Amino acid sequence: LWARFRKEFPDFTDFAAPGQSFVKNEVAFKRNIVKHYQEEVGNVQLRQWVESGQGTKALNEVRKRIQTSDSRFVTFHNWNSSVGDKDQATTVILQSFLDAAETPYAGPSTIQPILKATQDHGLTPSWDTLTSLLWVMRPSDYFPVKINTWRQLAKEVGHPLPEGSPTAEKFDQLMQFARVLRNALLPQQPADWID
């Protein structure tokens, strides 16, 4: 894995001296997304919109920060099917995200209310929406997930991740795998989940 990584980013030394290509292609746009969300919206403002019943407005404001012009994220086609497109659903579901983001991730019970709120409104949870929203709301604990990439990596290192849509248990398995991976990278000095 390191050999392939260094071939892709030959000027990478470690995360303290990552080189220009890694910053440009992998890190800068992600840091900008978090920065724009925190400075332009933030959880306090988002909660005010949600508590006043403006869930659709709140969701659109978050989406604008994640899907910026310099973002390398794909367009999230699953947002409406997993958070809704009407105030009634988006308000309740975003409230559950905000509540989960108030405290550190503590296992499946942390995100179970999000999944329940989503399913209670006849919607289907998706990995990209779930992880991206949690990430901007609490970047110290979460990161955006392209689930197929994570599954491919996990399979390659002999620790396959479960298939299918997210459940609280599947999410926890992903988080446990990510923590092991991050611990393995400690000698390269990652500053955060973006690294």
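Annotations for the structure displayed:
- Among the residues of the stretch 47-58, the ones that are loosely packed, with under 14 Cβ neighbours inside 10 Å and outside any helix (DSSP H, G or I) come to 2 in all.
- Any chance residue 41 is among the β-branched types (Val, Ile, Thr), under 17 Å from the mean Cα position of the chain (by Cα) and at pLDDT 90 or above: yes
- In the stretch 5-31, residue nearest to residue 187 (Cα to Cα) [restricted to those that are in a helix (DSSP H, G or I) and of a type in the set (Phe, Trp, Tyr)]: 5
- Sole residue being at pLDDT below 95 and of a type in the set (Asp, Glu), chosen from 85, 141, 172: 85
- Scan of the stretch 1-46 for residues that are of a type in the set (Gly, Ala, Ser) and open to solvent by 40 Å² or more (accessible area, probe 1.4 Å), ordered by number: 3, 16, 17
- Within the stretch 120-195, helices (runs of 4 or more DSSP H) holding 1 or more residues that are among the small types (Gly, Ala, Ser), free of Cβ contacts under 8 Å to residues at least 40 places away in the same chain and open to solvent by less than 40 Å² (accessible area, probe 1.4 Å): 147-156, 168-184
The values are calculated or read from the model by the stated rules, or taken from the named source; none is laboratory data. Owing to the predicted nature of the structure, the values given are computational and were not obtained by experimental measurement. With ideal geometry, Cβ positions are generated from the backbone for all residues, glycine too; neighbour counts draw on all protein chains shown. Areas reflect the complete protein model, heavy atoms only, side chains present, ligands, DNA and RNA absent. Shrake-Rupley method; radii C 1.70, N 1.55, O 1.52, S 1.80 Å.
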